[in-house]
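Scroll down for the structure; my scribbles are underneath it.
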Amino acid sequence: MEASDVAACWEANAETWTRHARAGYDLYRDVQNTPAFFATLPDIAGLAGLDIGCGEGSNTRKLAEAGGRITAIDIAPTFIRHALEMETANPLGIAYRLADGMALPFADASFDFATAFMSLMDMPRQDLVLAEARRVLKPGGFLQFSILHPCFAAPGRKVMRDEAGTVLGIEVREYFRVSDGEIESWRFGAAPAEEKAKVEPFRVPRFHRTLSDWVNLLIAASFQLEHMHEPSVDAETAKAVPYLADTYIAPLFLHMRVRKPVRA
């Protein structure tokens, strides 16, 4: 799958995705994934940062609110339009650009840090985006990113529940099957049934890699691994928000922070 095909998929998703995410239907993001990401993010106050694959800008705005001087990119024009509209309504000093993470339009050593919230696994050539991220980082700068967990969110993942809906376990299949642009169709599960019925499901290209693939890609890009985190809800949250209870059994997301060496 070419980058243009990926861009077309996300452009087709962007309008509904923005509306549903802003309506609070992305519970995994809002309740678990994003808070866990920011809990481990180093202090970015005053630092120049790049958000790769920013979507409609929800997490980008949180980076700016944390004091970062943020530039953000996405390949879908509709996402960038919605992000710019929000920036106009509530200026945070964010510079948004339509661009491809695999060919960043920035000079070498432009940023102190970079982030990628759930975007790298949607890019056909992770080796290119990692090389580009390293290139635009200053020596000593870091990249922190979140992806679907390679081990527990493989293409054949299935949440097993009993008749009462209680999560019993996670079925993992096809872990070793590399996928290069296979289309998955789904909706935000927390959206009301009547809202789901109004729109087509999202069509998302997947580029599944194993955990060792990801680690080897980071090594090949000459990054130094600094931190890993597998977010999980606690027992109380699993009981109070059953929608997220699968992540009490096994993680759905993987967070990693890597750093560009000060010296080559």
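One table, with the values for the structure above:
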{"item": "Cα-centre dipole for the stretch 168-264 with unit charges at Cβ (Lys and Arg positive, Asp and Glu negative), debye to 20", "result": "440 debye"}
{"item": "Shape of the stretch 122-205, Cα gyration tensor, a/c cut at 1.5", "result": "prolate"}
{"item": "Lys/Arg +1, Asp/Glu -1 at C-beta; the chain dipole; positive extreme among 105, 59, 167", "result": "105"}
{"item": "Farthest positive-ward along the chain dipole, Cα basis, beta-carbon charges - from 261, 247, 215", "result": "261"}
{"item": "Cα-centred dipole magnitude for the chain, charges only on beta-carbon of K, R (+1) and D, E (-1), debye, nearest 20", "result": "480 debye"}
{"item": "Simple Cβ-charge dipole of the stretch 1-134, Lys/Arg +1 and Asp/Glu -1, about Cα centre, in debye nearest 20", "result": "300 debye"}
{"item": "Estimated FRET transfer efficiency when R0 is 45 angstrom, pair residue 30-residue 216 (beta carbons, to 0.05)", "result": "0.90"}
{"item": "DSSP-defined beta bridges in the stretch 3-259 - what % are antiparallel, rounded to 5", "result": "55 percent"}
{"item": "Exceeding the 31 Å Cα-Cα cut-off - candidates 138/158; 62/196; 158/196; 62/260", "result": "138/158"}
{"item": "Sorted by Cβ density within 10 Å, fewest first, the residues 138, 198", "result": "198, 138"}
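Just so you know, all these numbers are worked out from the coordinates, no wet-lab data involved. From a predicted model like this one, the values you see are computed outputs, not experimental measurements. Neighbour counts run over all protein chains shown; Cβ positions are idealised from the backbone, glycine included.
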